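Read-outs: derived from the displayed coordinates by stated rules, not from any lab. In this text the structure is predicted, and so the values were computed from the model without any measurement. Here the Cβ positions follow ideal geometry from the backbone for every residue, glycine too, while neighbour counts run over all protein chains shown.
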Amino acid sequence: MKNKFMQIAAGTILGLLILLAGTQIFVSGQEDENALRRRSIEGTWKTVVTQRNCQTGVPIRSFPGVLSFNQGGTLVGDSAVASPALKTASYGTWQRQHGRREYSFAFMLLLFNPDGTFAGTQEVTQTATLESNGDDFTTTGTLKVFDANGNQIATGCATSTGTRFE
């Protein structure tokens, strides 16, 4: 009887140890996955964009936005730069540069006149540096505006900051 009790107790303890070890492996795997994600720009980010005078760097205006960097190198975003009736969301691509925390991305959006007719496009090119915490980035870049016939009609400069949305 005593021997049977010891076998049951030992089996229970062994089972609990296996369960605890499995839990640690699962948690460790999650931590590794989060650490890997934090070393990448992949994910969704709350941004603040600041349009700047290209010659002096003086801020012109700032507005909020959002960018989602998808696995595989595509991105989608939007901002409060203008009424949604006057522009589409932004669509583009991104890639890691030579540095571990260096990225470049470009996107475009369609522009409309107040009467709803097509006005042209805007193209934005940015370089980004992911901060060492993996939860913030800064960018610098340029933009070009094209009319409905594809003629470039304006250029601009901007910087932005991003904070990972979780």
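What are the residues in the stretch 65-89 that are surrounded by 13 or more Cβ atoms within 10 Å (Cβ to Cβ) and more than 13 Å from the chain's Cα centre (by Cα), if any? Within the stretch 65-89, S79, V81, A82, L86, K87, T88, A89 qualify. Taking first residues from the stretch 104-118 that are free of Cβ contacts under 8 Å to residues at least 24 places away in the same chain and partners that are of a type in the set (K, R) and buried (at least 18 other Cβ atoms within 10 Å of the Cβ), the Cβ contacts under 6 Å between residues at least 6 apart in sequence or on separate chains come to L109/K87.
For F118, state whether it is more than 20 Å from W45 (Cβ to Cβ), aromatic (F, W, Y), in contact with a strand residue (DSSP E or B) (Cβ under 9 Å, 6 or more places away or on another chain) and surrounded by fewer than 16 Cβ atoms within 10 Å (Cβ to Cβ). Considered against the rule, which asks whether it is more than 20 Å from W45 (Cβ to Cβ), aromatic (F, W, Y), in contact with a strand residue (DSSP E or B) (Cβ under 9 Å, 6 or more places away or on another chain) and surrounded by fewer than 16 Cβ atoms within 10 Å (Cβ to Cβ), F118 comes out as yes. Got at least one residue in the stretch 106-126 being within 17 Å of T161 (Cβ to Cβ) and among the small types (G, A, S)? No, that holds for no residue.
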